[in-house]
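First comes the structure, then the notes that go with it.
The values are calculated or read from the model by the stated rules, or taken from the named source; none is laboratory data. Because the structure is a prediction, the values reported are computed rather than measured. Note that we place each Cβ from the backbone using ideal geometry, even for glycine, and neighbour counts take in every protein chain shown.
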Amino acid sequence: MMSFRRAHERGSFDYGWLKIFSTFSFGEYQDPRFTGVGALKAINECTLKGGSSFSNHTHRDVELLTYVVDGSIEIKESSGRGHVIRSGEIHYLGAGSGVSHAEANFSKKEDATILQMWITPEKSGLAPANNFVSLLDARGGNPANDQWKLVASYDGHESSMVIRQHLSVYISRLHQGEAIEYVAGADRRLYMHVVRGQVNVNGNNLAEGDGVSITKDRQFSIMALQNRTEFFFLDMR
């Protein structure tokens, strides 16, 4: 069974310095029909104007994955350390018992777009943790890894980042006509979000910003309909 979440149906707000599209209920956008899938509680697409930022704020008991779609984001920790995350890189933050930071568009002129996934950890009060992975050289190294790359998992297999929840997070980058097959285990919850481009999933077309929640179906054929197609795929219990 597939339940589609089209891009134009998402919650959206334009604050001038920030545009945000929320797949699930988040902040000012609340819809009881869309409250997440399993441990996945939010998918937010955020575009920050040049020179703008999220001021210092605190997270607790959430696993955050931030993918920089375009531009660069500087993350400033309360400890004074800073990290610049560039397009094609993913930052992981396990907030645990509490982490404070600010996030800023590293450019003073150009927009930056991020996709951020909020995931409930298996336990509360864990020690804070962070990590990041770069996908910048994926096409140059091993095309197969680029087509279907595990970026985060509970046990860190396939050199993925460890995330403190029983799920696997994949990213796929395909050119037009390329296809992959996926077979899910029994009783799994699946969610797919298209970052850019278009795909066909078992005969159903999805465009940029679209998502689909999948239950019961176990086998999938996913084919790119455009070049430079990217999507995330989450396999959860």
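Within the set of pairs 6 or more residues apart or between chains, which connect a residue that is at pLDDT below 90 inside segment 144-155 to a residue that is part of a helix (DSSP H, G or I) and of a type outside the set (K, R) with Cβ atoms less than 7 Å apart?
N145/A138; D146/A138
Given the residues K76, K41, which is the only one that is outside the structural domain of H193 (by TED's automatic domain parsing), within 30 Å of D187 (Cβ to Cβ), among the basic types (K, R) and assigned to a strand (DSSP E or B)?
The match here is K41.
Could you count how many residues in segment 55-84 are farther than 25 Å from E122 by Cβ, surrounded by 16 or more Cβ atoms within 10 Å (Cβ to Cβ) and hydrophobic (A, V, I, L, M, F, W, C)?
3
Mind counting the residues in segment 210-224 that are out of contact with any His (no Cβ under 8 Å at 6 or more places or on another chain) and touching a residue at least 40 places away in the same chain (Cβ under 8 Å)?
The total comes to 9.
Within segment 199-214, can one find any residue that is crowded, with 20+ Cβ neighbours inside 10 Å and either aromatic (F, W, Y) or over 30 Å from G11 (Cβ atoms) (or both)?
Within segment 199-214 (the criterion being crowded, with 20+ Cβ neighbours inside 10 Å and either aromatic (F, W, Y) or over 30 Å from G11 (Cβ atoms) (or both)), the answer is no, since none of the residues qualifies.
Filter segment 77-93 for residues that are charged (D, E, K, R) and touching a residue at least 12 places away in the same chain (Cβ under 8 Å); which is farthest from L150 (Cα to Cα)?
E77
Checking the structure you have, find out if any residue of segment 4-21 is within 23 Å of H101 (Cα to Cα), in contact with a helix residue (DSSP H, G or I) (Cβ under 8 Å, 6 or more places away or on another chain), surrounded by 13 or more Cβ atoms within 10 Å (Cβ to Cβ) and outside the structural domain of N204 (by TED's automatic domain parsing).
Checked against the condition, which is being within 23 Å of H101 (Cα to Cα), in contact with a helix residue (DSSP H, G or I) (Cβ under 8 Å, 6 or more places away or on another chain), surrounded by 13 or more Cβ atoms within 10 Å (Cβ to Cβ) and outside the structural domain of N204 (by TED's automatic domain parsing), segment 4-21 yields at least one hit.
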